[in-house]
Amino acid sequence: MTKGDLHLIKLCVGADSVDDLVDWRKRSMAIRKKAGLSPHTFHTTRMWPRREDELLQGGSLYWVIKGLVSVRQPIHGFEEVIGSDDIKRCNILLEPVFIMTEPWPKRPFQGWRYLKADDAPPDICSGSGLEPALATQLAELGLL
């Protein structure tokens with residue numbers, strides 16, 4: 001799986017671990033399947049990315065969980081949705097694949113942000129070779 005040059009980064013509010021995120025995503029995928037939609041997981045946001053074409057060239061959504069970038073999901077596409085309040089929103093469609101990254105500290109921020117590939121943490125399998133639990137502990141101590 002290749003990584004693109006541009007990604008998104010987002011705080012994962014409500015999940016305390018990657019396992020929590022995976023469970024949450026499985027539930028959202030089941031909702032989409034029941035509605036007859038594609039089986040991709042999604043994140044709904046108010047803003048449509050202006051750099052959509054770049055994101056669709058191998059971009060991922062990097063999730064920040066409890067102050068650490070920990071995992072990413074490849075972006076599949078974008079779809080417009082209209083909420084019960086008649087406001088247009090954007091569903092960021094994500095592949096149901098979770099790729100662990102080296103845990104990098106990240107301070108809180110609102111919404112999502114663009115993330116250049118050079119500023120993104122490497123995937124665990126291509127990085128330091130540390131076990132995910134050990135890498136997380138080192139990052140929490142500020143040693144990684």
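The values are calculated or read from the model by the stated rules, or taken from the named source; none is laboratory data. Only a predicted model underlies this, so the values are computations on that prediction, with no experimental measurement involved. As a convention, Cβ positions derive from the backbone with ideal geometry for all residues, glycine included, and neighbour counts pool all protein chains shown.
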Would you please name the residue that is surrounded by the fewest Cβ atoms within 10 Å (Cβ to Cβ), looking only at residues in the range 98-144 that are of a type in the set (V, I, T) and modelled with pLDDT under 90?
I124
Which of (1) outside any helix (DSSP H, G or I); (2) within 23 Å of K3 (Cβ to Cβ); (3) touching a strand residue (DSSP E or B) at 6+ places or on another chain (Cβ under 7 Å) is the odd one out, the single condition E54 does not satisfy?
(1)
Filter the range 1-42 for residues that are in contact (Cβ under 8 Å) with a residue 60 or more places away in the chain and in a strand (DSSP E or B); the one that is surrounded by the fewest Cβ atoms within 10 Å (Cβ to Cβ) is K10
Whichever residue in the range 78-97 is surrounded by 15 or more Cβ atoms within 10 Å (Cβ to Cβ) and among the acidic types (D, E) and, among such residues, is nearest to the chain's Cα centre (by Cα)
E95
